[in-house]
Amino acid sequence: MLVANIQVAETPLVLYALRRADDALILGHRLSEWCGHAPMLEEDMALSNIALDLIGQARELYTYAAKAEGKDNDEDKLAYLRDVRQYRNLLLVEQPNGDFAQTLVRQFFYSAFADLYWRAMMASRDPTLAAIAAKSEKESAYHLRHASEWIIRLGDGTGESHARVQAAIDHLWAFTGEMFAVDDGERALIHAGIAIDPGSLRGRWLTTLSDVISEATLTLPQNDWMQQGGRSGRHSEHLGHLLSELQSMQRTFPGQTW
Amino acid sequence: MYTQALNTAETDDRGLEEAGRAAQFQARIDAEERIEPNDWMPAAYRKTLTRQISQHAHSEIVGMLPEGNWITRAPTLRRKAALLAKVQDECGHGLYLYAAAETLGTSREELVDAMLAGKAKYSSIFNYPTLTWADIGTIGWLVDGAAIMNQIPLCRCSYGPYARAMIRVCKEESFHQRQGYEIMLTLCRGSDEQKAMAQDALNRWWWPVLMMFGPPDATSQHSDTSTKWKIKRFSNDELRQKFVDATVPQAQYLGLAIPDPGMTQDAEGHWRYSEIDWTEFKQVLAGNGPCNRDRLAARRRSHDEGAWVREAAASYAAKRAQRQTAQAAE
């Protein structure tokens, strides 16, 4: 049986919550792929922990998006019954795990942003988003510390680890610009004090990156060409495969309770 | 050993001393005292416990694989989070148990290497595949249920670090067991398709789960000394019977049939199960289960592919220590 995608009435607020929910779910899903396969048991624990935090954030944000939309969608319909073109996450978070260095660089770029972002969002005039921000900020601070420590260890570890982590930085750099982009709908939310302007975080984000990267004896790329598209559903080829796995049960056995 | 003839007298003295210590050790065990890492213990006690605790740790780690197989496909976000947390708990148990085993003098690296080399065993139940979502419910309900049955008595094991580890592990396992049963309950109250999925999973897991308690008492190798040392307090068959008696009413409540048409209830209320196919057990133990090769290959792959990360961490730690020493000298 075929299950149709749900339709979402993407008002600026719904879309705003959905974009952050998709970021958290897709990155959490990627990290959960490591569970049972990490380089050491301590990292099976840590990566699962971070994945759990992110999936928890996603659930709160989806629930809020569904409430803001005011139809009969819920967290599971939003996660399991939208197709690639309806997903709104950053291209960065859907990139495959690759090796441990690539996973940690992806996490580092994202967490360095999320830490600043959620801290700023605690001042949102939207009480639900402010409450989600207060919880997510504490989690993101830990995620950033974990990732930063690994970037330093790998960068200043062996020749091989240095080369791998530098390659991951060079590869993922082009996906970081999207974090700071804003469209008209978001601009209105920023103006209303519901959202914050991510562009205002870029300077501090770069400082965090530079500090860690230089301690790790690594370098940031010079190129400034940035890939974009995730926020409007133009994704990389990787996301479709992730979704076909994530959604397989709901698509195969539609409308059942699990 | 080869110089035995040259120092007979010394050996005799040592033998006497050893015998005295062994008697003292046994007296402590009989008095229900806990043996701690720095206490004297017979070499065989140390060896038995190292084997048992490390096998237990390996089982937790290999056990992450069949359930981990469903993390990315869990049917709802709530189930996904619960399953991920459960598999993470198992990893925690593994770490905790390796630490308990290390108190007996063998490092985690050595223990893990033995497992990866195929020299150390882990629970055979994890050599069966998880084919549907109902397998995740069944593992929680039955596999964790059987593990609890085995592990509750271990909370009183004579070796302190193991007993203490078991107290924590049992608490988490009983949570997992309820979670698994709740998955089964949801399936059994769901569509015909879901109920059939639950029954199929029970059919596949029932007999392997009964085998988890080990060979019948008449043929078990380790029980005698383990009982004397209060590592083991109930026999394999006693625990198996307890498990069956506890599980049959649970299956009835779910409306599922235990795949043993010959099962009967005796006058004392015990559910008497049919003969277990020990040939299958021996085959799986010998490495011929459906997933033995896959499980070991997966563990080896993670270990090999993670080698550069562990080397980097070690190299960085060494550099840092060196820098700190240099700084302190300034």
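Below is a table of values for the structure above.
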{"quantity": "Sparsely packed trypsin sites (Lys or Arg not before Pro) within the range A:92-146, loop by DSSP, other Cβ within 10 Å at most 14", "calculated": "A:R125"}
{"quantity": "Distance in nm between pseudo-label sites at A:M226 and A:R85 (7 Å out along the Cβ direction from Cα)", "calculated": "2.6"}
{"quantity": "Above-threshold pairs, the threshold being 28 Å between Cα atoms, out of A:K71/B:K86; A:K135/B:K195; B:K86/B:K121; B:K80/B:K195; A:K138/B:K86; B:K121/B:K228", "calculated": "A:K71/B:K86; A:K135/B:K195"}
{"quantity": "Cut-off under 5 Å, modelled amide H: who pairs with B:Y159 long-range", "calculated": "B:I35"}
{"quantity": "Low-density loop positions, GluC sites (Glu not before Pro), the range B:147-241 - DSSP coil, at most 15 other Cβ in 10 Å", "calculated": "none"}
{"quantity": "Table column - 3J(HN,Hα) (Hz), the range B:269-275, Karplus curve with 6.51, -1.76, 1.60, x for Gly and Pro", "calculated": "x, 6, 8, 8, 8, 6, 4"}
{"quantity": "Shape category assigned to the protein assembly as shown from the gyration tensor of Cα positions, a/c cut at 1.5", "calculated": "oblate"}
{"quantity": "Reachable lysines from B:K230, criterion Cα separation under 16 angstrom, eight or more residues apart if same chain", "calculated": "B:K47"}
{"quantity": "CD proxy at 222 nm, helix term only [per DSSP H run n ≥ 4: -39500 (n - 2.57); per residue of chain B; nearest 500]", "calculated": "-21500 deg cm²/dmol"}
{"quantity": "For A:L206, B:L97, order by how many other beta-carbon atoms lie within 10 Å, fewest first", "calculated": "A:L206, B:L97"}
{"quantity": "Vicinal HN-Hα couplings computed from phi for the range B:138-150 (Karplus, 6.51 cos²θ - 1.76 cosθ + 1.60; Hz; Gly/Pro x)", "calculated": "5, 4, x, 5, 8, 5, 5, x, 5, 4, 4, 4, 6"}
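Taken together, the values in this text are just the output of simple stated rules run on the coordinates, not laboratory data. Being a predicted model, the structure only gives us computed values, none of them experimental. Because the Cβ atoms are built from the backbone with ideal geometry, glycine has one as well, and the counts that use them run over all protein chains shown.
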